[in-house]
Each structure stands twice: as C-alpha cells, then as structure tokens.
Amino acid sequence: MTRLPAILATLSCAFAFSQPVPRFRAEDVRPHGSAEPHPLLPGLLTWIFGADLADAHGCTAKNASDPATYKTELCGTRVLVGGIEARLIAVMPGQINLVLPVQPWANEMVDVQVVRQGKASAVVPVHFGDNRPVLSLPESAFAGMPVWLRVEKPWGKGWLRYPFHTEPWGTGPGVLEVRSQGRDLPMLSLLPFVLPDIGRTVGLPGEVPPKYLHRLPLHLVYPLDRPGTYEFRYTEYRFLPLSREREIHLQSAWTPIEIQPDTPAQRRAWLERLAAAPRLDTVELLSNFLPSLLAQRDEPALRLLAPYLDSRDPLVRSYAAYALNYFDGKLLQRVVPGRKPLRNVRI
C-alpha cells in the first residue's frame, strides 16, 4: 500500500507528459462572430480556434450570459494575453471563448498563449488595432475624378454601406470634415441641403459586394478638384438618454489624403470606360456606377445619367433625380429639358 501514492504520482506525470501541446495561429484569434481575422480590441469578446486547447469533454462558465461567472481557468486551461490571464467563457479541444483583458493596447502586436494542464502553446503575436475609425484610400485618387474614402470602423461598431439615402450626398451616420492647408473646406455649394442623421438607410434589393463596403464618395460632398494634401476626419455622434444633447460615439484621427493631379486625357479615358460598362443591377448602379459618374458634371456625364431618370426602379429613378443637383441649370435645360432636380427635404 505504501507504494500506491508513488505509482499514482508516476502515472499522473506520465499522463501529463503525454498531453499534446495546444496549437493555434494568429489568424485563428478573431472577434466573436467573425469568419475572418480582424484587429482585436481590449475587452473584446473573442474566439480562439486551434487543436488540443482543452480536455476532450471541455467545460463552460457557470452562466455564459453573466460575465461575473467567467473564470481565468476552466478545466485546466488558461489563456495569457500580454502575460495577463483572460476571463474564459468556454473551453473545448478546438475552440476557446474568452473576453480579452482591458489594457491600453492599440496598434501593436500582443502575445497570446494557451496553457493546458501545464503545457504551454507557442507564443503567438496577435494584432490589436485602434479603437477608432481608420481612414484610407482604397486606390489612388485624382482631382476631378471619383474619390472614395475607406472608413474602417472598429470591430463591433458597425460598418458603412453606401448609399444611405437616394440623395447622393448623404454620409449616413457619420459627419465628414475636410481641411486644406489648415482651413476647413466648405461642402459643395450646389447641394440643396445637408441630410440630417435620421437613423435610416435606404433598402436595397440585394447585398452590396464587399469591395463596395466601408467607403464614402468624397467627391459628392466636397470640391476636390485641385490636387494637394487634404485632411479628413470622420465622426459619429449619439444622443444621450432622455436628452437632445449628443456626444461623440466614434471619431477618427485627422488623416492626410493625397489627391493627385489628373489630365484631360485621363478623365476622358475614365469616362469612356464607364460608358462602356454594362448596365447592371440596382445595387451596382447605386453603390458604384452612378456616384462615380457624378465626379464629372459636364454634358457627357449628364447624357450618361439621363436614361436613369426614367428607370423602372424607383430607387434608381429617385437617385438620378437628386443627382441633377450637381449640374448647371443651363446644361440641364439643353440636355434634359423640363427636368428639374429633386430638392424636397425628407423628415
């Protein structure tokens, strides 16, 4: 009998030694609900996918909907993020659900490690992003041509899907500010009114292709007809409970954007390519073709727009009617006589 504890200890050590080491990759650490990796944020609900992350049976917190029951160790599994133990919701051999520690990590790589029954995985650096919108150009921008600004919101803060309204200049839930040489740039004077944030988005008959998401057509709001370096800032507000006062919900940093000079030949070639493009469905027309066309406000552009004033689709027809605001009145009389820009303000 005196040998039993020693035998049990030996078997326990042998079992622990035979346990495989947890394995996962950086792209396997992603926000809860995301099919693809995204920059993480402190305090974010997160998934880790991998192999041998927990015992075969796994286990969960006492109440997955109550953060007070989350523990830093479940069934012998722990997760270290930047050396700090994360609170765990559930651990399974192929998946861990956790809440990231609340630390001032931003725009940096943070080490993540899974420890199971004393066996530690390799240390995996994972990207933590900025807890504010990030602005960029999806492609080079030229004066007098379409300028689309990419607005990437932090995970869990929503995303942009243009158009928001059939008024082409609508910027949805956000406010865009532009500076040039230290001075605020006024919006285009030809716009009949600035849309209020009414919290609604026009319904489209289909999904917007991913390449057209997270972006705004700057050329429809500001006069970007001169090359140079502009600074942009995107802000979203929300109203305080039981109050008409508002506070900043999201705000990007002032971000420099370079607008390059163009040439008449470049503009002409671009418009010819646009004219040659097949006339596609409502989503393509409203998300890309028509707003891009409005970067040029001359007769060739107006003649391309004109057929859509009689579109069978009421969304396209309304968008085209509002788009007439971008063209000179004398040009409208000559090309589309009798047509007047739609100007009514929707409340």
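Values in this text are rule-based calculations from the coordinates and carry no lab data. Because the structure is predicted, anything quoted here is derived from the model rather than measured. Please note: Cβ atoms are built from the backbone with ideal geometry, for glycine as well, and neighbour counts cover all protein chains shown.
Numbers for the structure displayed
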quantity	calculated
Prolate/oblate/rounded label for segment 264-335 (Cα gyration tensor, a/c 1.5)	oblate
Mean separation of Cα contacts under 8 Å (6+ apart) over length of segment 134-260, as relative contact order %	34 percent
Theoretical ellipticity at 222 nm over the chain - DSSP helices of four or more residues, -39500 (n - 2.57) apiece, nearest 500	-4500 deg cm²/dmol
Near-label residues of segment 204-248 by backbone N, under 20 Å of a point 7 Å along Cα→Cβ of residue 180	216-234
Degrees separating the helix 264-276 axis from the principal Cα axis of the chain, which is the longest one	80 degrees
Neighbourhood net charge (15 Å Cβ-Cβ; Lys/Arg +1, Asp/Glu -1) for residue 226	-1
DSSP-assigned coil residues among chymotrypsin sites (Phe, Trp or Tyr not before Pro) in segment 134-214, each with at most 14 further Cβ atoms within 10 Å	159, 193
Rounded to 10°, Cα long-axis angle of helix 4-18 versus longest principal axis of the chain	30 degrees
Cβ-defined net charge surrounding residue 325, 9 Å radius [Lys, Arg +1; Asp, Glu -1]	0
GluC sites (Glu not before Pro) within segment 73-126, DSSP loop, no more than 16 other Cβ atoms inside 10 Å	73
Qualifying trypsin sites (Lys or Arg not before Pro) in segment 284-333, DSSP loop, other Cβ atoms within 10 Å at most 11	312
Local electrostatic count, residue 287, Cβ distance below 12 Å [Lys/Arg +1, Asp/Glu -1]	0
Positive dipole terminus of segment 19-128, leading residue within 40, 50, 93 (C-beta point charges)	93
Projected label distance in nm at residue 310 and residue 244, using a 7 Å step from Cα toward the beta-carbon	4.6 nm
Relative contact order (%) - criterion: Cα under 8 Å, at least six apart; region: the chain	13 percent
